[in-house]
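Trainee: Before we start, here is the structure in question, set down as structure tokens.
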Amino acid sequence: MMGFHHFYQNKWRKLKTHLLESWLQGFRDFQFSSCLEWRCTYPLLEEAGLEIWALDVLGWGFSCLERLPLCDVASKREHLYQFWRSHIKKPMILVGPSLGAAVAIDFAFNHPEAVEKLVLIGASVYSEGTGNLAKLPRTVAYAGVSLLRSTPLRLLANFLAFDGISFRTRLDWTKVGRLHCLLPWWKDATVNFMISGGYNVSNQIKKVRQETLIIWGENDQIISSELAERLYCELPHASVHQIPGCGHLPHVEKPHHVVKLITDFVRVHCALRH
């Protein structure tokens, strides 16, 4: 009887450890932000004279999903394409931070006519989709998603994401970063994406032909900065810039530095074109 109890106690401990690791992996690989992430950088880019569009990808951010559509990769890609086709209507410089970098690579690969250049920031592009999370029962998936939008876990993510900021600032950014999670359809959209399998773009990277600027925080605790070098080597036309004293989201933590890198990247391109 003791052996039976010990066996199942160990099995449960391993299961809990596996689920925790899976959810922490999921926290890294899901897009947990919104266009508010650009609240510091967007005005500076406008001041530099650039035409800027900040878009919440379907199912993320403040997307209006009263009639919940599919939120898988193909649906997100089509949503972005239709937005580009309706409003932008010319080749663009597509910027993607974190998992948004996978969105950008997927879009550039499938719609090269719409993308002139890429800017990838703290790129999460080497994960194999949502992994084991795609196999979870829906009840467990919903429970996990509820955990992922909780204030304690998001505050923990802020400690991992940012380097050397005050607790007061972390708390403020945590509140801003979870606003969109309070929308009534957020859990449904997130579970839909999770179960669909998510982004797996590692095989597309070497096929991307657009010139690419890679930006990385040297102290990134969420995505290893060593992957910046790997991404640089695998993209055919890339340059890489690491920002010292910076964590996972340079455009939030070091907006002036990121704006300079992007504007220089754009201006060099314009000079070469003329």
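Trainee: Once neighbouring chains are kept in place and the probe is 1.4 Å, which whole percent of the accessible area of the range 169-274 is contributed by carbon and sulfur?
Mentor: Accessible surface attributable to carbon and sulfur in the range 169-274 totals 51 percent.
Trainee: Modelled label-to-label distance, His256 and Trp53, 7 Å Cα→beta-carbon offset: nm?
Mentor: Taking the two extended label points, one gets 3.1 nm.
Trainee: Where Rh is the Kirkwood radius over the Cα pairs of the chain, the temperature 25 °C and the viscosity 0.890 mPa s, what D in µm²/s does Stokes-Einstein return?
Mentor: 125
Trainee: May I ask you to list the aspartates and glutamates whose Cα is less than 20 Å away from that of Lys206, ignoring any residue fewer than eight positions away on the same chain?
Mentor: Partners within reach: Asp106, Glu113, Glu116, Glu128, Glu226, Glu229, Glu234.
Trainee: Select from Thr174, Thr139, Thr41 the residue whose mean-square fluctuation is largest in a Gaussian network model of the chain (Cα-Cα springs shorter than 10 Å).
Mentor: Thr139
Trainee: Further question: What is the magnitude of the charge dipole of the chain about its Cα centre, with +1 placed on the Cβ of each Lys and Arg, -1 on the Cβ of each Asp and Glu, and no other charges, expressed in debye to the nearest 20?
Mentor: It works out to roughly 720 debye.
Trainee: Looking only at the range 218-257, which residues have a backbone nitrogen under 16 Å from a spot 7 Å from the Cα of Thr263 in the C-beta direction?
Mentor: Zone members listed by number: 251, 254-257.
Trainee: Ok, one more. Return one number: the angle in degrees, 0 to 90 and rounded to the nearest 10, between the long axis of the Cα atoms of helix 73-83 and the longest principal axis of the Cα atoms of the chain.
Mentor: With both axes taken from Cα atoms, the answer is about 30 degrees.
Trainee: A further question on this structure: Give me the 1.4 Å probe accessible area per residue for the chain, excluding ligands and nucleic acids, in Å².
Mentor: That works out to 51 Å² per residue.
Trainee: Quick check for me: using +1 on Lys/Arg Cβ and -1 on Asp/Glu Cβ, what's the dipole size of the range 27-176 about its Cα centre, in debye to the nearest 20?
Mentor: Dipole magnitude for the range 27-176 comes out near 440 debye.
Trainee: Rounded, prolate or oblate: which fits the range 115-274, taking a ≥ b ≥ c as square roots of the Cα gyration tensor eigenvalues, rounded meaning a/c under 1.5, else prolate when a/b beats b/c?
Mentor: oblate
Trainee: Put +1 on the Cβ of each Lys and Arg and -1 on the Cβ of each Asp and Glu in the chain; which of Trp186, Pro91, Val140 then has its Cα farthest toward the positive end of the dipole?
Mentor: The Cα lying farthest towards the positive end belongs to Val140.
Trainee: Moving to a separate point now. Excluding residues fewer than 8 places away in the same chain, name every one of the aspartates and glutamates whose C-alpha is closer than 12 Å to that of Lys117.
Mentor: Glu211
Trainee: Which value, in debye to the nearest 20, describes the size of the charge dipole of the range 212-274 about its Cα centre when Lys and Arg Cβ atoms bear +1, Asp and Glu Cβ atoms bear -1, and nothing else is charged?
Mentor: So the magnitude is around 360 debye.
Trainee: Of the cross-linked pairs Lys187/Lys207; Lys89/Lys135; Lys89/Lys207; Lys135/Lys260; Lys89/Lys260; Lys90/Lys187, which ones have a Cα-Cα span greater than 32 Å in the structure shown?
Mentor: Beyond 32 Å: Lys187/Lys207; Lys89/Lys135; Lys135/Lys260; Lys90/Lys187.
Trainee: If you don't mind, another one. Using alpha carbons only, how many degrees (0 to 90, rounded to 10) separate the axis of helix 255-273 from the longest principal axis of the chain?
Mentor: On a 0 to 90 degree scale, this one is about 50.
Trainee: Still on this structure, I have one more. Keeping the other protein chains in place, figure out the carbon and sulfur percent of the accessible area of the range 40-125, with a 1.4 Å probe.
Mentor: 53
Trainee: Determine, for each peptide in 233-243, 81-91, 99-109, the mean count of other beta carbons within 10 angstrom over its residues, then list the peptides with the highest first.
Mentor: In decreasing order of mean packing, 233-243, 81-91, 99-109 become 99-109, 233-243, 81-91.
Trainee: I'd like the orientation of helix 138-148 relative to the chain: the angle between its Cα long axis and the longest Cα principal axis, in ° from 0 to 90, rounded to 10.
Mentor: 60
The values are calculated or read from the model by the stated rules, or taken from the named source; none is laboratory data. This structure is a prediction, so every number in the text was calculated from the model and none was measured. Positions of Cβ are backbone-derived with ideal geometry, glycine not excepted, and every protein chain shown enters the neighbour counts. Remember, those area values only see protein heavy atoms, side chains included, never the ligands or the DNA or RNA. Shrake-Rupley method; radii C 1.70, N 1.55, O 1.52, S 1.80 Å.
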